[in-house]
1. Can you work out which of the residues in segment B:446-497 that are buried (at least 18 other Cβ atoms within 10 Å of the Cβ) and of a type in the set (Gly, Ala, Ser) is farthest from the chain's Cα centre (by Cα)?
2. Which residues, taken from segment B:181-208, are assigned to a loop (DSSP other than H, G, I, E, B) and under 25 Å from the mean Cα position of the chain (by Cα)?
3. Considering only strands (runs of 3 or more DSSP E) fully contained in segment B:228-317, which possess at least 2 residues that are of a type in the set (Ser, Thr, Tyr)?
4. Scanning for something within 27 Å of the chain's Cα centre (by Cα), within 12 Å of another protein chain (Cβ to nearest Cβ) and either under 30 Å from residue B:126 (Cβ atoms) or surrounded by 16 or more Cβ atoms within 10 Å (Cβ to Cβ) (or both), does segment B:367-386 turn up at least one residue?
5. So in segment A:236-251, with the set limited to residues that are within 7 Å of chain B (Cβ to nearest Cβ) and over 22 Å from residue B:356 (Cβ atoms), which one is surrounded by the fewest Cβ atoms within 10 Å (Cβ to Cβ)?
6. Tell me, which residue of segment A:223-235 that is among the hydrophobic types (A, V, I, L, M, F, W, C) and surrounded by 24 or more Cβ atoms within 10 Å (Cβ to Cβ) is nearest to residue B:417 (Cα to Cα)?
7. Quick one: which residue in B:425, B:436 is within 14 Å of chain A (Cβ to nearest Cβ), crowded, with 23+ Cβ neighbours inside 10 Å and among the hydroxyl-bearing types (Ser, Thr, Tyr)?
Amino acid sequence: MSDKYDKDNEKDVNTNDKDGVSRRRFIKNTGLVAGGVVGGSLLGGVVTNQWNTTPDKDTQTKGNKTTPELQDARMFFSRKEDFEVLKAATERIFPEDDNGPGAVELGAPYFIDKQLAGQWGSNAKAYMRDPFKQGKQVQDYEHQDRDQDKQGPHSDTQNPTPTPRYQTRLNRGEMFIQGLRKLDKESQDRFKKKFIDAEGDQQDEILEAFEKGEVQMKGVEATTFFNLLLQTTLEGVYADPVYGGNKNMQGWVMKEYPGPRAAYINDIESDDFIKMEPKSLRDYQG
Amino acid sequence: MAKKLDKVDVVVVGSGWSGGIVSAELSKAGYKVVTLERGENRKTADYTGVKDELRYTNRFEMMQNLSHETITSRNEINETALPVRTQGEMMAGTDLGGGGVHWAGASYRFDPYDFEIYSKTVERYGKKKIPEDMTIQDWGITYDELEKYYDKFDKMAGISGEEDPLGPKRSSDYPNPPMKETPNLRLFKDAAKNLGYHPFQIPSGNITENYENPDGQVINQCQYCAFCTQYGCDFGAKADPIVTVIPAAKETGNFELRTQSYVRRVLHDGGKANGVLYVDTVTGQEYEQPADVVVLAAFTFTNNRLLMLSEIGEPYNPKTRKGVIGRNFNGQYNNSHLGARGFFKDKKFNLYMGAGALGATFSDFQADKFDHTDLDFIHGGQIEIRQYGDGAIASNKVPKGTPKWGPEFKENSIFYANRNLNLWYTNAVMSYWHNYLDLDPTYKDDFNDPLIRITNKFTDQDFNISKFGIKKCKEVLKEMGADIIDEDEIPKKFNHVYFGGHYTGGVIMGDNPETSAVNNYLQMWDVDNLFVVGGSAFPQFGGIHPTPTIGALAYRASEGIEKYLKNGGQLATAKDNSSTA
């Protein structure tokens, strides 16, 4: 066990860092980022496709910065316009900055698309039997805080006593489609433009309105949708790349997170912080 | 139409720690044992190479699939309970080994005070110390009587630890040395010592040396790989039923395991259990498995529900406060494990490394080790620091005032990913007449049987004990030199999130059939050949993680089952008068 571990440690420094920096510089210099958000579909597509490398060491494409990733295509969202809203929203939640890439470059929107296409998106392991009691309950279910009382106003649906949170017949995929369309409609209503064309602070204003539950959705609280969006964006940034996000493990690079490893038994008593080149499940499973 | 199978000596429902221990002990003693597990078959190979935070921590790979069956929940007796629909809100183990496979490994014993809490509280502080609505009671067994079973569990599981300087008497040392001390644990211990407390390394079910247990089963050395709580162990290095008691049972040749077998009823007549009715969930075929002894050894919810569905024992009625099945449901919800989080600007820890039970603690504010005369609560808990090994999705802790998303969130969440330490108080939770289990009138499972319904709310005791613990955590973090200390907020209400698996009671043990369902061998008072084993026997929840206590009770029950198989009859004598007020 320790042999394998030592070998892991011998690998030299991560080359992805350099790529990340040059990409960020490129984006800034070319003005592709409007208000911090990757804009129209064409340019968004360019950004997400052109410079991603594959972390798969066994393929012949290593180092070829222009090979698009074949798995970066929509399998859940049929309408491209819904997906564009998703991209813009996730980038506001987790923007590109000096630490490294944002949600779009990390592939979080494709991660979300894939998650919603699978059993989680259709609530396969959730109890989805009638009756669904609507109207009084707190539906802020994805929020991980212990205290539901602190989870923002729920206007007329606020129940003074918390209840089990998820009480809607919508599954997660359905919530997303409705929520993304509602984000766009809210932008049209407030600013007379599409969500993806709104300024960054306008997009933030809309997202905050959802977060606070100030927007009316059907069958679900806007807060619930927002928390789902927030949770899945962070998952898309930090989950193993096998799920389509965390491209090139750049999410992990920012956090100095090493990915799955066999053992830390020889290092865990160290007084110093140990920075390791990240490894993915692909590496770990061999 | 159910197919009737040949009779066996013992049929066991559930294959977690309780069912696994009973299966191993009885099959070792030469009895024919059939164990029924609702989930799938599992072995270490299922958990090798799958260190995947999203799959296990965020998508609850090892938890009960709620589409078939869940629980319903409410705060007050007059409310309509609603189903707990998602795995994020309700995590109970399933598959071979149950919750014993994905547990963290913290391996404490309950304090002697726990087992005689009613008597000892009255003795020291008088009857007035116990509020009218609190229904705590003695367990019908003392720590000293249970010690040999704790010892058996520790040796079977290879628990790795060092003695708590303030802990109860042990008949032997831990079988393995404590886990490694990391810089953050050292910082905690130094601070605790400076404040006059008595810190020690948390006793662990993550095993520190390759270990062969008395059954001849081998547990490997923990590698501190960080994928532990909510995961099965990659290396067979965590004490769990699939590397200990299940193989021990298999080796006897007397044990048959049937997975994907969902038990629906205990069959009984004339005060005697005849066997169980179960469904093979692969084929849909119903079977009747007759047995001389029936052992319910599933999770608290299932043990209670099967008794209620089978109409065994008198169901608890909160209005009359009579009846026993479902009484004194208890556990640690969002009113326990509260504390404070410290953020360090200039210190960086290797927080991505760790193990489920890697941590340090002190018990100065546990049980009744400190004077409660002027305090507005009883009992206590451990102050703990843990180093689980943070995943990248989980490690998004930011100081209060940081927005939940956007540039400032990103900046702070990255900066503090390896610069924050959390302390918590694992405080005990008492039982009350208004917290109980019964069958839900509306919601059903796949077989159209009613779900179990939980009625549970918090009290002043819960609020006051949390407040005390948070203050102590803050004090220690300050001594540790944290730059920012954020206190947890104390919830006013139960949030219906069943997260940690610490849910117990409902089929509680005691010495009086009026107030307990099982005797101190976990044998039903009403049905001599039915034993109900597991956390369901806890009359209230102690101030610490429950697993070794569940293990010890399972060894105790195994001894009782053997006695019953040899001699028959009721193994305990009921006391005439109640031990409660």
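1. Result: B:482.
2. Filtering segment B:181-208 for residues assigned to a loop (DSSP other than H, G, I, E, B) gives B:181-182, B:195-199, B:202-203, B:205, B:207-208.
Once the filter is applied, which keeps residues that are assigned to a loop (DSSP other than H, G, I, E, B) and under 25 Å from the mean Cα position of the chain (by Cα), segment B:181-208 yields B:199, B:202, B:203, B:205, B:207, B:208.
3. In segment B:228-317, the matching strands (runs of 3 or more DSSP E) lie at B:261-269.
4. The answer is no; no qualifying residue exists.
5. First, the residues of segment A:236-251 that are within 7 Å of chain B (Cβ to nearest Cβ): A:238-240, A:243, A:251.
Now drop any that are not over 22 Å from residue B:356 (Cβ atoms), which leaves A:243, A:251.
Working: A:243: 21, A:251: 31.
The residue in question is A:243.
6. Once the filter is applied, the top-ranked residue is A:234.
7. From the options B:425, B:436, the qualifying one is B:425.
Results for (1) under 22 Å from residue B:118 (Cα atoms); (2) over 19 Å from the mean Cα position of the chain (by Cα), shown as yes or no for each residue.
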residue: B:502; (1), (2): yes, no
residue: B:514; (1), (2): yes, yes
residue: B:522; (1), (2): yes, no
residue: B:532; (1), (2): no, no
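The values are calculated or read from the model by the stated rules, or taken from the named source; none is laboratory data. It should be emphasised that the depicted structure is a prediction, and the values quoted were computed from it without experimental measurement. When we count neighbours, we look across all protein chains shown, and the Cβ atoms used for this are built from the backbone with ideal geometry, even at glycine.
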